[in-house]
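Working notes for the structure below.
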Amino acid sequence: MPDQNLLNVLSLPEHAGLLSMFHEKKYRKKELIYHPNHGDNNVFIVKEGKVRIFLASNDKEFTLSILEPGDAYSTHTRAFTQALCDCVLLICKTQDFGQIMMQNPTFAMNTVKVLGDLLKNSFTIITNLAFQNTNQRMKEYLLSMAEDKGILCEKGILIEIGQDTGQVAMIVGASRQTVSSIFSEFCRLGIMERINRKTILITDLEKLKSL
Ligand code: HEM
């Protein structure tokens, strides 16, 4: 499988021409980079930092994807794009990105990977909203985090969720207070412990699964 990280591909001397089609822009932590009605039709690659792609209405937000360095995304979507930390983006016109994709399959592969991840999260969000209450959504969220990021240790499964309560609330489509009280309830039931703001320990996976 070829390297799917576009930064590695663009750093090759033979691709200096491709790199020149992009311009670099810096964004501050929490800055809104693009909103749905943004006029320009661009594709960007995250060079540094992490970028959140989310849908938002007046009182709710749903995170569709967290992009990491090397991931590409576009501005012609209904989603908002926000810098999760200080970020640097490489930006080019969508038309130019289309030309690059035709010449270099890595760019097409990366787009499939990013959109696949986004589709997976969209399926989870739709399923959760349509079929589950908030407790169930939190359970599914923790199980999927345990599977994706969990590290087995003596006391259970340690998960660097990398998101604080407010960010988890946006993922599961609940208020921060609701997520906080469900976390407390899960702790009381002996299912998990909070290690710090962004790290938890699942102490009884079977109990979580049986909820
Ligand atoms: C290669 C050049 C690309 C072309 C020519 C292209 C073209 C299009 C077109 C015509 C649409 C439909 C827009 C509409 O409904 O009005 C679309 C939608 C979309 N594109 Fe692209 N695209 C490109 C690259 C990308 C890339 C790199 C990504 C992300 C990795 C992406 C993500 C999306 C998404 C998520 C939508 C759905 C937007 C929504 O309905 O909110 N596109 N694209």
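Using helices alone, I'd like the mean residue ellipticity at 222 nm for the chain: each DSSP H run of four-plus residues gives -39500 (n - 2.57), total over residue count, nearest 500.
-13000 deg cm²/dmol
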Rounded to the nearest 10 Å², the 1.4 Å probe accessible area of L55 is 70
Please tell me which of these pairs span more than 29 angstrom C-alpha to C-alpha: K113/K149; K30/K207; K26/K60; K60/K209; K50/K209; K25/K139? K30/K207; K50/K209; K25/K139
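In what order, largest first, do D71, D204 sit by accessible area if the probe radius is 1.4 Å?
Result of the area sort, largest leading: D204, D71.
When the solvent-accessible surface of protein heavy atoms is calculated with a 1.4 angstrom probe, in what order do E185, E160 fall, highest first?
Largest accessible area first, the list is E160, E185.
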What is the Cα coordinate range of the chain on the first, second and third principal axes, sorted by size from largest, in whole angstrom? 58, 40, 30
Any idea of V43's accessible area? Nearest 10 Å², probe 1.4 Å. 10
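Which percent of the accessible heavy-atom area of the range 133-210 goes to carbon and sulfur, probe 1.4 angstrom?
After summing per-atom areas, the C and S share lands at 48 percent.
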Per-residue accessible area for C153 at 1.4 Å probe radius, Å² rounded to 10? 60
Heavy-atom SASA rank of S180, S11 (probe 1.4 Å, accessible area, largest first): S11, S180
Using a 1.4 Å probe over the heavy atoms of the protein chains, calculate the carbon and sulfur portion of the accessible area of the range 6-130 as a whole percent. 56
Per residue accessible area of the chain, 1.4 Å probe, in Å²: 56
Principal axis lengths of the range 28-152 from Cα atoms, whole Å, largest first? 45, 35, 27
Bridge orientation stat for the chain from DSSP, antiparallel percent rounded to 5, came to 100
Hey, what's the Cα Rg ratio for the range 61-104 versus the globular rule of thumb, 2.2 N^0.38 Å? 1.31
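The values are calculated or read from the model by the stated rules, or taken from the named source; none is laboratory data. The shown structure was predicted, so the numbers you read here are calculated from the model rather than taken from an experiment. Surface accessibility is based on the protein's heavy atoms, side chains included, excluding ligands, DNA and RNA. Shrake-Rupley method; radii C 1.70, N 1.55, O 1.52, S 1.80 Å.
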